[in-house]
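The values are calculated or read from the model by the stated rules, or taken from the named source; none is laboratory data. Predicted, not measured: the structure shown is a model, and the values here were computed from it. As a convention, Cβ positions derive from the backbone with ideal geometry for all residues, glycine included, and neighbour counts pool all protein chains shown. Heavy atoms of the whole protein, side chains included, go into the accessibility calculation; ligands, DNA and RNA do not. Shrake-Rupley method; radii C 1.70, N 1.55, O 1.52, S 1.80 Å.
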Amino acid sequence: MSDDPLPPPPSTPAPGRATARTAAVIPAAGRGVRLGPGAPKALRALGGTPMLIHAIRAMAASRAVSLVVVVAPPDGAAEVRTLLDSHALPERTDFLVVPGGGSRQESVRLGLEALPPGYDIVLVHDAARPLVPVDTVDAVIEAVRDGAVAVVPALPLADTVKQVEPAGAPGEPERVVATPDRSLLRAVQTPQGFDRATLVRAHETVTDDVTDDASMVEQLGPTVVTVPGHEEAFKVTRPLDLVLAEAVLARRRLNDGF
Ligand code: CTP
Ligand code: MG
């Protein structure tokens, strides 16, 4: 009475993300204007090693991640390939390097376009967050495997946040219009984890300027969820962040020595 195909026999494993392979896309094509003059941010050294290599190692440290796609500065793909060849990286992980674009959003899209078939979970991780612990990476992957289509690591805010009417000129006083309830706000980090098809659709559909990938999925409609972030997953943005990153590395070296 129905044309529906027969259901699969009970021994057939349910298709889904529980067993899906995971790839990480690392946008690393930014200049790092706020960090001040110098090489592109991802190529600057932290503890003597380029920030990008730290970020790649952080993704490859997760046993679930079998491919890392690095989105290099538009004119720096060859340099990044050389960098990967000259640093020790896990052998069980594959690496691809593609040139990036003029915005983070475009760089991520170019990374997604280079992604081969067979990876149904995708992490997007800023090269500028070189010190994210592997437990945070694994928690994001776990949540996608458990069925979420978009997952962001998030932390409560330390500062009270004000909404303002932006001033005409920099440094001018701005009128405060509201103080959102801080207990309802979160600062979000990367890696953000996605069902691949959902993320690709978001990048095809949303054209507004955004600063993270999860907000594109939000605009599309599907539910985005958080997992606990980590203070060491902070983004290196301004010069003081480099001081903090060096201190975190020094503390790790000290702890590893015991
Ligand atoms: N990014 C990218 N392509 C761009 C711009 C940014 O791949 N056209 C990447 C950066 O390399 C970084 C991440 O997106 O890893 C987060 O961006 P951000 O911290 O803003 O880095 P930059 O854009 O390099 O810094 P700034 O905004 O200070 O210039
Ligand atoms: Mg930027």
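General remarks:
- Whole-percent carbon and sulfur share, accessible surface of the chain, 1.4 Å: 55 percent
- In sequence order, calculated HN-Hα J values of the stretch 180-186 (Karplus, 6.51, -1.76, 1.60; Hz; x Gly/Pro): x, 5, 4, 5, 9, 9, 9
- Residue among 20, 158, 187 with the largest mean-square fluctuation in a Gaussian network model of the chain, springs linking Cα atoms under 10 Å: 158
- Relative contact order, percent, the chain [alpha-carbon distance under 8 Å, six or more residues apart]: 22 percent
- FRET efficiency for the pair residue 186 and residue 85, taken as 1/(1 + (r/R0)^6) with r the Cβ-Cβ distance and R0 = 51 Å, rounds to 0.85.
- Ranked order, 162, 235, 41 - accessible area, probe 1.4 Å, largest first: 162, 235, 41
- Cβ-based net charge around residue 188, under 13 Å, with every Lys or Arg adding one and every Asp or Glu removing one: -1
- The loop-placed GluC sites (Glu not before Pro) in the stretch 78-131, going by DSSP, that have at most 14 neighbouring Cβ atoms within 10 Å of their Cβ come out as 91.
- Where Rh is the Kirkwood radius over Cα pairs, Rg/Rh for the stretch 43-199: 1.04
- Relative to one another, the C-alpha centroids of the stretch 204-222 and the stretch 103-149 are positioned 15 Å apart.
- With the simple model of a label 7 Å out from the Cα in the direction of the Cβ, residue 167 to residue 49 spans 4.3 nm.
- Projected label distance in nm at residue 159 and residue 218, using a 7 Å step from Cα toward the beta-carbon: 1.9 nm
- Antiparallel content of DSSP bridges confined to the chain, in %, to 5: 40 percent
- Structure-based [θ]222 nm, the chain - -39500 (n - 2.57) summed over DSSP H runs of at least 4, per residue, nearest 500: -9000 deg cm²/dmol
- Residue-normalised accessible area of the chain, given per residue in Å² at a 1.4 Å probe: 54 Å²
- The Cβ shell under 12 Å around residue 234 holds other residues with a net charge of -1, Lys and Arg each +1, Asp and Glu each -1.
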